[in-house]
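The values are calculated or read from the model by the stated rules, or taken from the named source; none is laboratory data. Treat the numbers as computed from the prediction; the structure is a model and nothing was measured. Ideal geometry is used to build each Cβ from the backbone, glycine not excepted, and the neighbour counts take in all protein chains shown.
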Amino acid sequence: MSVVQKGGAAVASASRRQFLKAGLAGGAVAAASTVAGGALAAGDPLITEIQDWNRYPGDGVDAFPYGKPSQFESEVVRRNVPWLTSDSISSINFTPLHELDGIITPNGLCFERHHAGIAVVDPQQHRLMINGLVDTPLVFTMADLMRFPRENRVYFLECAANSGMEWRGSQLNGCQFTHGMVHCVMYTGVPLKYLLEEAGVKTSAKWIMPEGADASAMTRSIPLEKALEDCLVAFKMNGEALRPEQGYPLRLVVPGWEGNMWIKWLRRIEVGDEPWHQREETSKYTDLLANGKARRFTWVMDVKSVITNPSPQAPIKYKRGRTVLTGLAWSGNGTIKRVDVTLDGGRNWVTARLDGPSLSKSLHRFYYEFDWDGSELFLQSRAIDEAGFVQPTKDELRAARGDNSIYHNNGIQTWHVNPDGVIENVEIS
Amino acid sequence: MSRFPNAVLVAAAALLAAVTSVSAQDAALGEKVFARCKACHAVGEGAENRVGPHLNELFGRTAGSIEGFKYSPAMTKAGEGGLVWEDETLAEFLAKPKDLVKGTKMAFAGLKKEDEIANLTAYLKTFSANAASGAATPAAPASDAPEAPAEKKSEAAPDAPETKAAAATEAAPAEAAAEVSEEVPSHGVFHLGRPATEDEVAAWDIDIRPDGAGLPEGRGTVAQGETLFADQCASCHGDFGEAVGRWPVLAGGQGTLMNERPEKTVGSFWPYLSTVYDYIRRAMPFGNARSLSDDDVYALTAYVLYLNDIVTEEDFELSKENFTSIRLPNEDNFIDDDRLSEPHYAANIEPCMKDCKPGKAEITKHAAVLDVTPDSVDDEENTGGGID
């Protein structure tokens, strides 16, 4: 595809190229003869020879009215695990964490989770209703919502099932698959409390239930306290309109709480005095324990971290020497206070360097630079959040909950680095 | 987003309609009918086999002939016997699949209306180069063809924000919109939005709570539910709720919650019957949500109870009146979030930094051994723990 585009551009600029070629020819010959004469004649041809991109102009300003990543980044994409779910219409894919840096996830790489595919909603035809225990049930158009005061907030969104496939032991070989159901963007939206106040919440109200306009009509019960505290009704992510797969034109933002509650294509919010016990908070998103009991309403995403590089999809490609270890940490309880890393599988730990903004309920980026001696490594990271909670081991989680919880696996991840730099998802003694 | 390309498409679609017997409108309507099929069948670019075979190049195809798809023996035999998919055979099959191919595993009961069959056939033809009518043009023009109101919009200046706002007001329910534009509402702080009408609230407020709040008037029996289930549900959930492929299992599993592989069904796991009614009503059948009547949903809910041995008589009738008298067996096994009681939550414990464990780390589990990572395996029968 890119070849075609390049070809097209080449044709367009052919006459200019010939013109330039004639002018440059003399200079190139002179340079080549100088190099050939010296003792350091051999050199990287990428340096010693003039490259096409150095000689010929590239595409003009409107070649891509909506810009996209370099053709050399074509591997940086969301990926799914086909056997996880019955059909791609109700399925999930994963953010390529090992390809990213900083704390913001590009919009096109934010993982997707749909229960009935991506709804296509014309914003002019979108309505948001607030009903139930309110003084005046209201209907808002998108234009109405644009007239409320807005806020900008950076938050992570993590699926409660992130790392869920790893409960019984190491399963998927790559942090994209073990931890890629998380993303972090800046949302622009209206605080939900303004919308609720506009309708007038009755004193008996204790819960809200947001509902999506898609064919799954996704619903969750959320305590009114949380709704009034920090929830947003968002229409922008990273400055531009929500992507269709993220709920365009409107989604709920429920900071620090499980992603399933962040209703996409948000069309209705009902106010009530009791929870509704919808499908996604009874048969799903409840945590089955070893004793057969199941926890419900486990909303907060606990303190968690993962080393994104090196990792199975991003092996070490040199024999030894300076190495940058980096990763992500986050907590639904607030900011990350500290991240420790170990190279020897938890025998000895060092504190990593946090860099970039430290925002409540958002991703945090950490680094640890070291000289690799070329020997086997067992890499782990361990985050501590501002509430003082320490990321547990997977064994600690299993001891407390058994193997069948599916959700809320925030255990410490181990990557095994062998002397060839090949990396594998393992569990260790 | 300019309207101009749409205008071109309208012309193209009109031309297509004039030239061929398959009008673009039929195909467009057929695409809507296809919503009922697409939980199991894929068609179009990149379509693959799912629960059912893909439907590209269907016309002229011998029945049961897609390599790699596991057909019922009946369908394979029908193909060997000379059954080829074309207008007439497909119309007959779509009307009542089990009449044409007795023993087909396609659980869909059939399309009752002839125009639905005709429209669906027209739609599928757009993906078949061999379609007898010669409608070889892909379906894109049909699906993108603007409906009547869009033509009106095309007269407006493209993309002017003011025009968009005006169009939005026009699209709103006439009487309500008129009220908004006349006066500033008295509600709230910012006086934004407008009061919802009773009909609007009724149209969207369809949720049911465990205490029965929200239940509509209505009733349905196990026997009625069984018929509906066979027609609309069994293709994914299996005749007895045992499920096809990875679609959700609805019945059985009682007593397995402490097993190595728990089976979480309505009978074994779900705490409240209201959730069953609510979910069927809002989201089922997959691919055709909101198509069931309130009585249908009572009947299907009754049948799911029957599949789980929670009711045992086929003439059992579930209704608004007796709904809350039925309790699901696992209700008491749900507890509120008590994660904080787990030992590792003890806050402000300074974790160990030096010589924390004796000896060298030894690998106890490998991901590579399980080998279920995408790109490293193409085995769809993998048994890794799934999510859904």
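Below is a table of values for the structure above.
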read-out	value
Residues of segment B:257-276 satisfying the condition of being farther than 15 Å from residue A:281 by Cα and more than 9 Å from chain A (Cβ to nearest Cβ)	B:263, B:267, B:268
Residue satisfying condition, being within 14 Å of chain B (Cβ to nearest Cβ) and under 19 Å from residue A:183 (Cβ atoms), within set A:345, A:388, A:327, A:334	A:334
Top-ranked residue of segment A:418-429 - restricted to ones that are more than 8 Å from chain B (Cβ to nearest Cβ) and surrounded by fewer than 24 Cβ atoms within 10 Å (Cβ to Cβ), ranked as nearest to residue A:316 (Cα to Cα)	A:421
Unmet criterion (only one of (1) more than 30 Å from residue B:31 (Cβ to Cβ); (2) within 14 Å of chain A (Cβ to nearest Cβ); (3) touching a Phe, Trp or Tyr at 6+ places or on another chain (Cβ under 9 Å); (4) not polar (S, T, N, Q)) for residue B:250	(1)
Test for residue A:102: is it within 14 Å of another protein chain (Cβ to nearest Cβ), in contact with a strand residue (DSSP E or B) (Cβ under 8 Å, 6 or more places away or on another chain) and surrounded by fewer than 20 Cβ atoms within 10 Å (Cβ to Cβ)	no
Residues located in segment B:73-90, provided they are out of contact with any helix residue (DSSP H, G or I) (no Cβ under 9 Å at 6 or more places or on another chain) and part of a loop (DSSP other than H, G, I, E, B)	B:81, B:82, B:86
Residues located in segment A:275-308, provided they are in contact with a helix residue (DSSP H, G or I) (Cβ under 6 Å, 6 or more places away or on another chain), more than 7 Å from chain B (Cβ to nearest Cβ) and either without any contact (Cβ under 8 Å) to a residue 40 or more places away in the chain or assigned to a loop (DSSP other than H, G, I, E, B) (or both)	A:285, A:289
Counted residues, segment A:344-382 - those being part of a strand (DSSP E or B) and over 15 Å from residue A:414 (Cβ atoms)	14
Qualifying positions in segment A:137-174 - polar (S, T, N, Q), in a loop (DSSP other than H, G, I, E, B) and more than 7 Å from every other protein chain (Cβ to nearest Cβ)	A:162, A:163
Qualifying residue in segment A:318-325 (condition: assigned to a strand (DSSP E or B), at positive phi, outside the structural domain of residue A:280 (by TED's automatic domain parsing) and at pLDDT 95 or above)	yes
Yes/no for residue B:250 being buried (at least 18 other Cβ atoms within 10 Å of the Cβ), of a type in the set (A, V, I, L, M) and not assigned by TED's automatic domain parsing to the domain that holds residue B:295	no
Any hit, segment B:263-281, residues being in a loop (DSSP other than H, G, I, E, B), crowded, with 22+ Cβ neighbours inside 10 Å and not assigned by TED's automatic domain parsing to the domain that holds residue B:327	no
Yes/no for residue A:251 being buried (at least 23 other Cβ atoms within 10 Å of the Cβ) and over 30 Å from residue A:340 (Cα atoms)	yes
Tally, over segment B:314-366, of residues that are more than 30 Å from residue A:333 (Cβ to Cβ) and within 31 Å of the chain's Cα centre (by Cα)	19
